[in-house]
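One structure, as structure tokens, below. Some questions next.
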Amino acid sequence: MDGIALRTLALRIGASLPSAEPCFPFGPQTEVCKVVGKVFLLGGELRGEPLVTVKCEPESGLALREEFPTIVPGYHVNKKHWISISGGDDITEDLVDELVRTSYTLVVETLPRAKRPGLSAQAVKGIER
């Protein structure tokens, strides 16, 4: 998959997730997807090449970087918890979908229960009792 298709697909998937908000907090060159105000996806460029950055578990990030030459430590973010993906022949739609959804889930899990998408404050109160 080429870099433009990668970035377009990742941003489309990210924007389709519950309570996701696409925005441009860093300027017009970097599109970001947030959930309840927290970033889970960045789509931009590095040296003129399209790039997508997502959150991941540290162990998964290491394994992915070993397996895929176009996956590197996160650009301009915590390199332990984020990875950046460039286009490459081994980058598939299924992989992009999995990485974006995993990033979203990891960020949602850090939110207070009452703010998590799909859980109303009333439902959370019932769960916590």
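The values are calculated or read from the model by the stated rules, or taken from the named source; none is laboratory data. The structure displayed is predicted, hence computed values, not measured ones. For neighbour counting, all protein chains shown are included, and Cβ atoms are generated from backbone atoms with ideal geometry for every residue, glycine included.
Within region 12-26, does at least one residue satisfy the condition of being assigned to a strand (DSSP E or B) and among the hydrophobic types (A, V, I, L, M, F, W, C)? Walk me through how you get there before you give the answer.
Narrowing region 12-26 to residues assigned to a strand (DSSP E or B): 20-23.
Next, from what is left, pick out any that are among the hydrophobic types (A, V, I, L, M, F, W, C): 20, 23.
Checking region 12-26: at least one residue is assigned to a strand (DSSP E or B) and among the hydrophobic types (A, V, I, L, M, F, W, C).
Another question about this same structure. Write out, first by first residue and then by second, each pair whose Cβ atoms fall under 7 Å of each other, whose residues are 6+ apart or on separate chains, and whose first residue, in region 81-109, is closer than 17 Å to E66 by Cα while the second is assigned to a loop (DSSP other than H, G, I, E, B) and of a type in the set (V, I, T).
I85/T70; I85/I91; S86/T70; G87/T70; G88/T70; I91/T70
Continuing with the same structure: Within the bounds of region 104-117, is there any residue that is within 21 Å of D2 (Cα to Cα) and buried (at least 19 other Cβ atoms within 10 Å of the Cβ)?
Here is the first cut: in region 104-117, the ones within 21 Å of D2 (Cα to Cα) are none.
No, that holds for no residue.
So, one more: Please work out which one of (1) closer than 22 Å to I4 by Cβ; (2) outside any strand (DSSP E or B); (3) modelled with pLDDT under 95 is the condition A123 fails and give its number.
So A123 meets the others, but not (1).
Give the residues of region 38-55 that are over 21 Å from D89 (Cβ atoms) and at pLDDT below 95, sorted by residue number.
Pass one, region 38-55, residues over 21 Å from D89 (Cβ atoms): 38-42, 44, 55.
If the condition is that a residue be over 21 Å from D89 (Cβ atoms) and at pLDDT below 95, then G44 is the only one that fits.
Among the residues of region 41-84 satisfying the criterion of being among the aromatic types (F, W, Y) and not in a strand (DSSP E or B), which is nearest to T8 (Cα to Cα)? Explain how you work it out, then say what you get.
Initially, region 41-84 is screened for residues among the aromatic types (F, W, Y), giving 68, 75, 82.
Then keep just the ones that are not in a strand (DSSP E or B); that gives 68, 75.
Values: F68: 20, Y75: 18 Å.
It comes out as Y75.
Further question on the same structure: Just to be sure before I move on: is L95 outside any loop (DSSP other than H, G, I, E, B), closer than 15 Å to L17 by Cα and either at pLDDT 90 or above or among the hydrophobic types (A, V, I, L, M, F, W, C) (or both) in the structure I sent? Before the answer, list the steps.
Values: outside any loop (DSSP other than H, G, I, E, B): yes; closer than 15 Å to L17 by Cα: no; either at pLDDT 90 or above or among the hydrophobic types (A, V, I, L, M, F, W, C) (or both): yes.
When the stated conditions are applied, L95 does not pass them.
Which one of these does V77 not meet: (1) in contact (Cβ under 8 Å) with a residue 24 or more places away in the chain; (2) more than 21 Å from P22 (Cα to Cα)?
(2)
Of all residues being surrounded by 14 or more Cβ atoms within 10 Å (Cβ to Cβ) and of a type in the set (D, E, K, R) in region 13-37, which is farthest from G87 (Cα to Cα)? Just the residue, please.
K34
Still on this structure, please answer the following. Quick one: which residue in L51, L46 is surrounded by fewer than 16 Cβ atoms within 10 Å (Cβ to Cβ) and touching a residue at least 24 places away in the same chain (Cβ under 8 Å)? Let's see the steps before the verdict.
Numbers: L51 fails: surrounded by fewer than 16 Cβ atoms within 10 Å (Cβ to Cβ).
Answer to the selection: L46.
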